Each structure stands twice: as C-alpha cells, then as structure tokens.
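Rule-based calculations on the coordinates, nothing more; no lab input. All values derive from a computational prediction rather than experimental measurement. Every residue, glycine as well, gets a Cβ built from its backbone with ideal geometry; the counts of neighbours run over all protein chains shown.
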Amino acid sequence: MSLITLGLNHKTTPVNMRERLAFTPENLAAATQSLANLDCVTEAAILSTCNRTELYCTVKQGDDAQNDRQIIEWFSQFHGFKPDDIREHLYLHQHEETIRHALSVASGLDSMVLGEPQILGQMKQAYTQAVNQGTIGMLLGKLFQHAFSVAKQVRTDTAIGASAVSVAFAAVALSKQIFGDLNELTALMIGAGETIELAGRHLKASNIKHIIIANRSVDRAQNLVEQLGGEAIALAQIPDYLHQADILISSTASQLPILGKGAVEKALKKRKHKPIFMVDIAVPRDVEPEVAELDDVYLYTVDDLQEIIQDNMASRKQAAEQAIEIIDAQVDNFLNWQRTLEAVDVIREMRDCAEHLTNEVMDKALKQLAQGKSTEETMQFLAHTLMNKFLHQPSIQLRQAGQDSRHDLIEFARQLFLGRDANKTEDTN
C-alpha cells in the first residue's frame, strides 16, 4: 500500500476557489466515507480549513497514474467541477513526500502564518472524524499519530511558536511581558471585529480574570462576550469602566479618536496611578497620541507591533530550519517502521508453519508415550524429528542455491540462521 495526499492551500488557490472547494462540517463525514469507498482507496481522511483542503489516502498498489486520476475525479465531481477546471490549483504528494508534507503541516511549517499552532488541532479533528467513520487503518493512523508526535517535538525543541507573529498575539504577549500573570487583571477591548476577537481568545487562553468589550453595536459586543465571557458595554460607557482596565486593546473603524487624554487622566486618578497597558491597533488611531505622554501608561501603536512581529518572524524562520532537520529524520523513522511491516507477514507465516509442524510432531510423540515407549526415547524422537522438519525446506533451497551459484542467498542464510557474516572473522581468543 502507498500513501497519497491531494490538496490545495493558500499558496496554490485564491480564497474564492478555496471556499468552493472546501468541505463543510455538514458534508465532511459523508465525503470521508465516499472517498474511502473508491476502488483504489483503502484508508481516507480529509483535512479542510479556511486555508487548505487536503485528502490523505492509502491506496492499493497498482497503476499510480490511474489511482491519482480516480481521486482527482472524485474530488472535482464532489464539488461540482470538471478535473481540468481545478487541476492547476492542486498538488499531489506520493508516499515519502506525503509523509514529509503531513509532518510539515502539523508542525505549522506550511501555514500562512509560519509556526501557527491551530493547524495541529485541526489535523487532530480530521483524524478523529476519520476514526469515527471507520476509514482510518494502521498505515494512515500511524502517519497521523507520528505527525502529532513530531509537531510536539518541533514545538519543544525549537522556538517555532515562541514569538508573536500576529498583531493580536503580539498585543497579548506584550501585556504578559509587562504584567507577568494575567489572572488577576481586567482587559477592556474596544471594537468587536476579527482582531479584537482573536486578541480576546489569546487573553482568555492566558487566564485573564475579566474582559469588558465596548462596541458601537452592543449586540455585536454581546455576541463576542457569549464566546469569551465578561460583559458588553456601549462606547459611550467607556469613561465609566476605563478605571477598571489594566489592559486596553482597541481596534475600530472610527475616523476620530475614541479615547482622549482627559478621560485617561481621570481613570488613572481613580486607579491611584496603577499602570495601564494600551494597544491601539486601529488606523486611524482610536487613542489620542497625547495619551503616551502620561505617566503610568504604556501605549503601543500598530507600527510598534509590526516591528516586533518582523523581528519575531525572522526568529521563526530560523526555528523553521531546525524544524526541517527534525522532520527529515522523522520521515526516515516512519519509512523504517513501514519497512518492518514487510517482514511482519513473513514472520507470521514462519511462526504458523513452525506451530503446525510442532503440533504434528507432538501428537506423534504423545502417541509413542501412550504406547509405552520411554520418555528418553520419545524426547530423542521429538528433538530429532523437529530439527529435520524445520531444516528440510531451507536445506533444499540452499542446495539449489549452490547449484545456481546464488552466493548471495547462501550468505543471507548464514546471517539469518547463524547470525554471522562470512566477511567478518570471529575472535577466537
């Protein structure tokens, strides 16, 4: 059996096509089962995110081109396309490259944001979905488990995920540098867009004590609160809540500043000048620049964060080089594991044969004992007969190998049965 990955991602396909070629949560289970039912496929799993859609399959040995064609036709037809309509967007990896690709994806090396950790969770969901559908077997299951293990090693042994490379993550990472633990702090989030949502998720993951979300539409703020916890307020209420904020992150589409120097001064007095960390991600700015002049305020703009992000991205690229070395070694480990499977069937057959011969000779030995033969005679019969039966076929094959000048086979037999190489001299001292 061989491994195949057919897929597309943010590098090969524009977003409007990625949307049309993605699997929905509603059709993913049926799609996985349908893929696994193809004649050439023995195992199947589907990974589908906003940035990538990938089919992981184990296929039967045979015509590789025919197998590839069948899977591409299934994928295109499932989404209502002809194969030629989408072929330019697809990549196809076979066996060793499938292994390398899976390890790279799980480790975040193939993501839009280098080293991002979310893809690992998405791969685990794809694996669980396939397990639930009964479409995962030994080979594909081993690949996914190996990918999860390697991703963990990459994150442990490199700095691939240590540095913030998104504005939201950088904002939260900076707050942790300033305050340390966040579990006794309150964050005031102004806005309810994607960046604020992502920053809120990072804060929640960092065990922030309380989150307040202020937005022009309180309903939108309330929707976000339902996901993150905390409380929702209107923009007009910010002056009443500002003194509670240890951390303030703002990202709105307002054309005028929402927070002025005077309001911050009043909040600082109520806080008895306990510091406030502010991140103004908005363009135009939500926080008046003069606020930075106040003592006990740490104000960062989006430009400040971009400098941090660029430095951190360079650090992640260095870590990615280390990660590639780990992946190269782990691809070899997986291939070595798979090679051992080739011997497993032979070993099983040998054991079955040995067991059959042993039972056959044992029956004869027991009959001899029942007929009154001595234990010593019976044991000699048992040992001699078993030896002859076990060596009968190898002896015939080795004699034939000698007649055919198959010196390689004779040498393999010496290593297999005697555990030594003719090219190595034994130490007789």
### Segment ASN388-GLU194, length gained on full extension (0.36 nm per residue, minus Cα span)
62.1 nm
### Query
Which of (1) 65, 26, 21; (2) 46, 26, 19; (3) 50, 26, 20 is the computed semi-axes √(5λ) of the Cα gyration tensor in Å for the structure on display?
(1)
### Query
So for the chain, taking the charge dipole from beta-carbon charges (+1 Lys/Arg, -1 Asp/Glu), which of PHE169, PHE381, PHE417 sits furthest toward the positive end?
PHE381
### Lys, Arg +1 and Asp, Glu -1 on Cβ, resulting dipole of the chain about Cα centre, debye, nearest 20
780
### Task
With a/c under 1.5 counting as rounded, go ahead and sort segment 167-310 into rounded, prolate or oblate using the C-alpha gyration tensor (a ≥ b ≥ c being the square roots of the eigenvalues; past the cut-off, prolate if a/b is larger than b/c, else oblate).
rounded
### Order of ARG316, ARG155 under a 10 Å beta carbon neighbour criterion, fewest first
ARG155, ARG316
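What list do you get for TYR56, TYR127 if you sort them by fewest beta carbons within 10 Å?
Ordered from fewest to most neighbouring Cβ atoms within 10 Å, TYR56, TYR127 come out as TYR127, TYR56.
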### Query
Ranking ASP68, ASP345 by Cβ neighbours within 10 Å, fewest first, what do you get?
ASP345, ASP68
### Message
Using a Gaussian network model on the chain with a 10 Å cutoff between Cα atoms, which of ALA253, ALA205, ALA365 fluctuates the most?
### Response
ALA365
#### Entry: Net dipole in debye of segment 294-429 [+1 Lys, Arg Cβ; -1 Asp, Glu Cβ; about Cα centre; nearest 20]
1660
### Query
So what J values fall out for segment 205-216 if you push phi through Karplus, 6.51 cos²θ - 1.76 cosθ + 1.60 with θ = phi - 60°, rounded to Hz, Gly and Pro as x?
5, 8, 6, 4, 5, 8, 10, 10, 10, 10, 8, 4
### Query
Quick one: length gained pulling HIS210 to HIS356 fully straight, 0.36 nm per residue minus the C-alpha distance?
45.5 nm
#### Entry: Net charge over other residues, Cβ less than 13 angstrom from the Cβ of VAL264 (K, R count +1; D, E count -1)
-2
### Query
Which of ASP84, ASP240, ASP408 moves most in a GNM of the chain, Cα contacts under 10 Å?
ASP408
### Query
Where the only charges are on Cβ atoms (+1 Lys, Arg; -1 Asp, Glu), what is the dipole of segment 32-177 about its Cα centre, to the nearest 20 debye?
660
### Gyration tensor (alpha-carbon) shape descriptor, segment 17-105, a/c threshold 1.5
rounded
